[in-house]
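S.K.: My questions will all concern the structure given below.
What follows draws every value from the coordinates through simple rules; no lab data is involved. What you see is a predicted model, and the numbers here were worked out from it, not measured in a lab. Cβ sites come from the backbone with ideal geometry, for glycine too, and all protein chains shown count toward neighbours.
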């Protein structure tokens, strides 16, 4: 698929939720979820732009951290909306032998958003460090330790995504994640948003948060070479203090790979992130694509006429 996205074309983002999808534009965010009666419920949120955030988002290597914090605040409200209205189909728990609390569902769904990233970044940064430190008597040396640390980080990340994707409810969220990407790809290709057109698109996208997560691992590998690994307390402190630095650089890398995605050779720079999306997205069904299209179309309606936002359910 060749994108015809121009500089004038608005850039949209999104997030997969429980039985639905959220899409965000410049000023508005709209969530659409499917209810058990087959109806679609909407939630609208107008972005509150804080002047300080708007200024910081213009500064390279700082804007990534700011955007992540801002997205976490907005995204949590859409996540709360979707999880509070999640309906278990009759007999679903018995058929699957699965009892999942709302907290577990929220933690599982958040893997495709920024909430789990903010919390998980500490875990996936510190645990690999301690594992590498444990093996230090057998594998000393700064370079070996950093490579071990990065290797453990990748293993933990891939294992986490693989095992969580085995839960039926998370698999459906990953299908909605795929539907979200397909809709954006279809829009950026300049094609009408029909189920048939959307289903033809790739479920992978260069701007995905999954790619961002992987880039933090790769960027961290190079950044850690700039600081000492001994003693342990220095290593621990540096890993924590460098989290914003790694996030800031990774954000710029993500933006750069998106800009060059149509350049024959440079497009391969974004492939590692796309490969990770093979775990965090699944091929959606037609009814899931319909929900994603409904969310995107409703967002467009609100952007053209903000007054209709008050007519949305639970707006």
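S.K.: Determine the calculated [θ] at 222 nm for the chain from helices alone, applying -39500 (n - 2.57) to every DSSP H run no shorter than 4 residues and normalising by the residue count; nearest 500 deg cm²/dmol.
M.R.: Working: 13 runs with 181 residues, N = 315.
Dividing the helical sum by the residues of the chain leaves -18500 deg cm²/dmol.
S.K.: Shifting gears a bit: Build a GNM of the chain with springs between Cα atoms under 10 Å: which of 262, 185, 305 gets the top mean-square fluctuation?
M.R.: 305
S.K.: Take residue 240 and residue 57, extend 7 Å from each Cα along the Cα→Cβ direction, and tell me the distance between the two endpoints in nm.
M.R.: Each label point lies 7 Å from its Cα, and together they span 3.0 nm.
S.K.: Between residue 259 and residue 40, what FRET efficiency follows from the Cβ-Cβ distance if R0 is 35 Å, with the result rounded to 0.05?
M.R.: Numbers: r = 34 Å, r/R0 = 0.98.
About 0.55, to the nearest 0.05.
S.K.: How far is helix 243-259 tilted off the main Cα axis of the chain, in degrees rounded to 10, range 0 to 90?
M.R.: With rounding to tens, the tilt is 60 degrees.
S.K.: Whole number please: convex hull volume per residue of the Cα set in segment 231-310, in Å³?
M.R.: Looking at segment 231-310, the number lands at 213 Å³ per residue.
S.K.: Note the angle between two axes, namely the Cα long axis of helix 209-223 and the longest principal axis of the Cα atoms of the chain, as a number of degrees from 0 to 90, rounded to the nearest 10.
M.R.: Here the helix axis deviates by roughly 10 degrees.
S.K.: Stokes-Einstein diffusion coefficient for segment 117-214 at 37 °C in a medium of 0.692 mPa s, Rh from the Kirkwood formula over Cα pairs: what value in µm²/s?
M.R.: Value of D from the Cα-based Kirkwood radius: 205 µm²/s.
S.K.: Using 1/(1 + (r/R0)^6) with R0 = 30 angstrom and r between the beta carbons of residue 230 and residue 155, what's the FRET efficiency to the nearest 0.05?
M.R.: Numbers: r = 24 Å, r/R0 = 0.79.
Calculated value: 0.80.
S.K.: Report the relative contact order of the chain, percent, no decimals, based on alpha-carbon pairs under 8 angstrom and at least 6 residues apart. Walk me through the intermediate numbers first.
M.R.: Working: 429 pairs, mean separation 87.7, N = 315.
The normalised contact order for the chain reaches 28 percent.
S.K.: Cut-off is 10 Å between beta-carbons; in what order do 310, 186 appear when sorted fewest neighbours first?
M.R.: Numbers: 310 8, 186 24.
Listed from fewest to most nearby Cβ atoms, that is 310, 186.
S.K.: Sticking with this structure for a sec: How much length is gained if the chain between residue 147 and residue 69 is pulled fully straight, taking 0.36 nm per residue apart and subtracting their Cα-Cα distance, in nm to one decimal?
M.R.: Values: separation 78, 0.36 × 78 = 28.08 nm, distance 2.91 nm.
Residue separation times 0.36 nm, minus the Cα-Cα distance, leaves 25.2 nm.
S.K.: Sticking with this one: So which residue, out of 293, 218, 240, gets the largest mean-square fluctuation from a GNM of the chain using Cα contacts under 10 Å as springs?
M.R.: Among 293, 218, 240, the largest GNM mean-square fluctuation belongs to 240.
S.K.: Continuing with this model, one more query. Going by how many other Cβ atoms sit within 10 Å of their own, how do 129, 166 line up, fewest first?
M.R.: Details: 129 24, 166 8.
Going from sparsest to densest Cβ surroundings: 166, 129.
S.K.: Quick one: check the C-alpha center-to-center distance for segment 130-166 versus segment 231-291, whole angstrom.
M.R.: Between the Cα centre of segment 130-166 and that of segment 231-291, the gap is 18 Å.
S.K.: Now for a separate question. By how many degrees, 0 to 90 and rounded to 10, does the Cα axis of helix 271-280 deviate from the longest principal axis of the chain?
M.R.: 60
S.K.: Please report the orientation-averaged projected area of the chain, defined via the convex hull of its C-alpha atoms, in nm².
M.R.: On the way: hull surface 71.3 nm².
One quarter of the hull surface, i.e. the mean projection, equals 17.8 nm².
S.K.: Further question: Remind me, what semi-axes does segment 179-315 give for its equivalent ellipsoid, largest first in whole Å, using sqrt of 5 times each Cα gyration tensor eigenvalue? List each step's numbers first, then the result.
M.R.: On the way: eigenvalues 270, 76, 36 Å².
Its equivalent ellipsoid spans semi-axes of 37, 19, 13 Å.
S.K.: While we're on this one: Quick one: among 148, 18, 135, which has the greatest mean-square fluctuation in a GNM of the chain with alpha-carbon springs under 10 angstrom?
M.R.: 135
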